[in-house]
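Here the structure comes first, spelled out in structure tokens, and everything after it is commentary.
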Amino acid sequence: MKAACWILAGFCLLFCCKAEEGLNFPTYDGKDRVIDLNEKNYKQALKKYDMLCLLFHEPVSSDKISQKQFQMTEMVLELAAQVLEPRSIGFGMVDSKKDAKLAKRLGLLEEGSLYVFKDERLIEFDGELATDVLVEFLLDLLEDPVEVINSKLELQAFDQIDDEIKLIGYFKGEDSEHFKAYEEAAEQFQPYIKFFATFDKGVAKKLGLKMNEVDFYEPFMDEPVHIPDKPYTEEELVDFVREHRRATLRKLRPEDMFETWEDDMEGIHIVAFAEEDDPDGFEFLEILKQVARDNTDNPDLSIVWIDPDDFPLLITYWEKTFKIDLFRPQIGVVNVTDADSIWMDIRDDDDLPTAEELEDWIEDVLSGKINTEDDDDDD
């Protein structure tokens, strides 16, 4: 269950009381804001808030552990509701058994998932259920789906974004029908994928963009891909992004970690652990980027990079499950069904594999020569 897996990460925020003036972390004020949604009150709730977040949960068991977990999940939502109350964002819960008809009416499908209603759109939150991650996700949803770039400084900031998918288009203005189609496409992916636009001829020239043209940037790639056949309809842009959103090298992020993990390649992930702020981890990440750039046209290759610093509560679990040391760079194959894994033998941090050696290892993985069944006899 997604809700049960990540409650501790957000729950710790509820008790952060000690702080200097100006750095007072919010604590739960005791006021209940999360609504128990049902057939009688759901319409009123949808009208009351600009955005409504609903946790679709299974019935709470009578055992103490299940009840405690549910209470902690509820407290994460209560704190988020408290912080976001001035923003007209509401929170509620829907019981999958007691309110089954309502769930079907609203399109709620997966127990343990959080759904967001905004402007007649239903958006599933596929990230870590921690208060800070959830609040940031919802604040991003409040922003315009397209960020406009019209200066050199803004362009420099755009260039600094290299670890996630981004798109940028050049249009005549906000009233352009082609910009409106682009904006509507952006809404389909907000806030998971960033869409940018410029109306400035000079900025467009620096980007190599022609009027009504859109560039697609894959993470960690030096050059973008020109989306063909401009100008585009909303449907054409959406189809292109969906077809190309699985990157050759992609970072596991708290805000969409479940979506990334569920998007496996025939039941496995090639997973790399590397701390970006550690010298060895940084060097290994640069090698991974080079491998990704050299193999960006291979549709069968997708490497999930995990920076352990982003998931401190999972480090011990991952080390125990995968039997590896996460304070050193690692790359391996993980079966998504049972977490069975096999890892490349990197014996010395001072002698990391070259890009060529890593490509040879990956080729053996993709051909099936290396697989998660190889070490079963040892187990």
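Of note:
- For the pair residue 161 and residue 61, label points projected 7 Å from Cα toward Cβ lie 4.2 nm apart.
- Calculated from backbone phi, Karplus (6.51, -1.76, 1.60) coupling profile of the stretch 354-363 in Hz, x at Gly/Pro: 6, 4, 5, 5, 5, 5, 5, 5, 5, 4
- Mean separation of Cα contacts under 8 Å (6+ apart) over length of the chain, as relative contact order %: 12
- Its convex hull of Cα atoms gives the stretch 35-142 a direction-averaged projected area, equal to a quarter of the hull surface, of 6.4 nm².
- Spacing of the two label points (7 Å from each Cα toward its C-beta) at residue 319 and residue 41, in nm: 4.5
- The Kirkwood radius of the stretch 309-379, taken over pairs of alpha-carbon atoms, gives through the Stokes-Einstein law at 37 °C and 0.692 mPa s a diffusion coefficient of 245 µm² s⁻¹.
- At a probe radius of 1.4 angstrom, the accessible area of the stretch 146-244 per residue rounds to 53 square angstrom.
- Stretching the chain fully between residue 110 and residue 174 yields a gain of 19.3 nm (0.36 nm per residue, less the alpha carbon separation).
- Overall, the accessible surface of the chain at a probe of 1.4 angstrom is composed of carbon and sulfur to the extent of 47 percent.
- Legend: calculated FRET efficiency, residue 246 to residue 211, from the Cβ-Cβ distance at R0 = 25 Å, rounded to 0.05, equals 0.25.
- Taking the convex hull of the alpha carbon positions in the stretch 102-233 and averaging its projected area over all directions gives 9.6 nm².
- With semi-axes defined as the square roots of five times the eigenvalues of the C-alpha gyration tensor, the equivalent ellipsoid of the stretch 249-367 measures 19, 18, 14 Å, largest first.
- Qualifying chymotrypsin sites (Phe, Trp or Tyr not before Pro) for the stretch 228-260 [loop in DSSP, other Cβ within 10 Å: at most 16]: none
- Residues whose placed amide H lies under 5 Å from that of residue 91, excluding near-sequence neighbours: 35, 53
- Of 217, 42, 170, the residue with the greatest mean-square motion in the GNM of the chain, using alpha carbon springs below 10 Å, is 42.
- The stretch 43-106 - convex hull of alpha carbons, volume per residue in Å³: 74
- A straight chain from residue 201 to residue 71 at 0.36 nm per residue would run longer than the Cα-Cα distance by 41.4 nm.
- With the convex hull of the Cα atoms taken as the outline of the chain, the averaged projected area works out to 22.7 nm².
- Grouping the Cα pair distances of the stretch 174-216 into 5 Å bins from zero gives a pair-distance distribution of 5, 21, 30, 24, 16, 4 percent in increasing distance order.
- Of 172/206; 152/251; 40/97; 180/201; 43/104; 320/369, those spanning more than 22 Å from alpha-carbon to alpha-carbon: 152/251; 320/369
The values are calculated or read from the model by the stated rules, or taken from the named source; none is laboratory data. Note that the structure is a prediction, hence the values are computed from the model and not measured. Cβ atoms come from the backbone with ideal geometry, glycine included; neighbour counts cover every protein chain shown. Surface accessibility is based on the protein's heavy atoms, side chains included, excluding ligands, DNA and RNA. Shrake-Rupley method; radii C 1.70, N 1.55, O 1.52, S 1.80 Å.
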